[in-house]
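Below: one structure, written as structure tokens.
The values are calculated or read from the model by the stated rules, or taken from the named source; none is laboratory data. Note that the structure is predicted; figures quoted are calculated from it, not measured. Note: ideal-geometry Cβ built from the backbone for every residue, glycine included; neighbour counts use all protein chains shown. What goes into the accessible areas is simple: the full protein's heavy atoms, side chains included, and nothing from ligands, DNA or RNA. Shrake-Rupley method; radii C 1.70, N 1.55, O 1.52, S 1.80 Å.
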Amino acid sequence: MRHTIKTVEDLGWLIAHTGGFRSGYVTDVQMSKRRLFDEESGRDIPAGTTVSVTIRYQAYGSIRVAKLTMTGVTDFSLLEQEGADCSSLDVIQAEYSAGRLRFWFDPQGELYIVCDEAHFQEVSAPIASPNAFADLARWTFQGQTADGPTVQWLLDQLDEAGLPCFWTSTKRDATVNPTITPMIIWEGDLIPADRPTGHETNAVRAMLYKPLAGQGFGLMLRVLGSQDRQARRIVEILACHITRNFEGTCLVGTTIIPGHEWESWVTRNSRARSV
């Protein structure tokens, strides 16, 4: 999901959609400054400041990671004194005044930003288990097309990769999760074909679900049980095929990655870990 925040109406949408990020927390803050070389003066001239804030939070039966990228920043304050933690949010405050946006991310104003406009990007998934934050730390994909992959399509990709699996559907009690259940299109476990029946503790849980707003689909893959090599390989294979065949956005931990950049991102991080 993407949305540009420029007006007071946009701010109203942001607060309504996120619930003010109530009980969330900031996981990452980044600032970048652009400079352009002026040939006449022979000097670098400031050309704008950008600040991005990544937030994990829960709202309306879903676990979410949002990235708010603020451009044209003229005032930026990040002050965390001993014993204080400005990463923990209650409800953010925001206002639009004189063509500027102002964000207070904590009651003390230790994280405060004034900017021209903000760009909102988010990946979300249903809260499918008690340990929702751990679930989201697996691999999540927010697709932009109307139709997502089928179970048979996933099985075919694994067959072609030499890692055949069989599928076991998961049934949820609608009375236990009345908010979550209607969102789920299908859910089940991918179990390697060479694994004996009844040894599903290291399977990969796959869930296809409806988006919280607009068109598209969501897909979440997570390893059940221990993180064995075979289960991780299933996730790696499917992640590559999904990003090649569907337009969308990936989420790993709190890192949002454009789908078309997924494989290059994996390569870069693999090299970094090997150094």
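Any residue at all in the stretch 88-109 that's in a strand (DSSP E or B), modelled with pLDDT under 85 and either out of contact with any helix residue (DSSP H, G or I) (no Cβ under 6 Å at 6 or more places or on another chain) or on the phi > 0 side of the Ramachandran plot (or both)? Yes: one or more hits.
Taking the stretch 12-76 as the region of interest, the strands (runs of 3 or more DSSP E) fully inside it that hold 1 or more residues being open to solvent by 30 Å² or more (accessible area, probe 1.4 Å) and free of Cβ contacts under 8 Å to residues at least 12 places away in the same chain are 25-38, 43-59. Among the residues of this structure, GLU187 counts as one that is within 19 Å of SER62 (Cα to Cα), among the acidic types (Asp, Glu) and either modelled with pLDDT under 90 or in the same structural domain as THR243 (by the TED database) (or both). Consider the stretch 126-160 and keep the residues that are assigned to a loop (DSSP other than H, G, I, E, B) and modelled with pLDDT of 95 or more. The one that is least open to solvent (accessible area, probe 1.4 Å) is PRO149.
Whenever a residue of the stretch 187-210 is more than 27 Å from GLN142 (Cβ to Cβ), its partners that are at pLDDT 85 or above and part of a loop (DSSP other than H, G, I, E, B), lying with C-beta atoms within less than 6 angstrom and at least six residues away or across chains, give the pairs ALA193/PRO164. With respect to the conditions (1) in contact with a Gly (Cβ under 9 Å, 6 or more places away or on another chain); (2) modelled with pLDDT of 95 or more, ASN245 falls short on a single one, namely (1).
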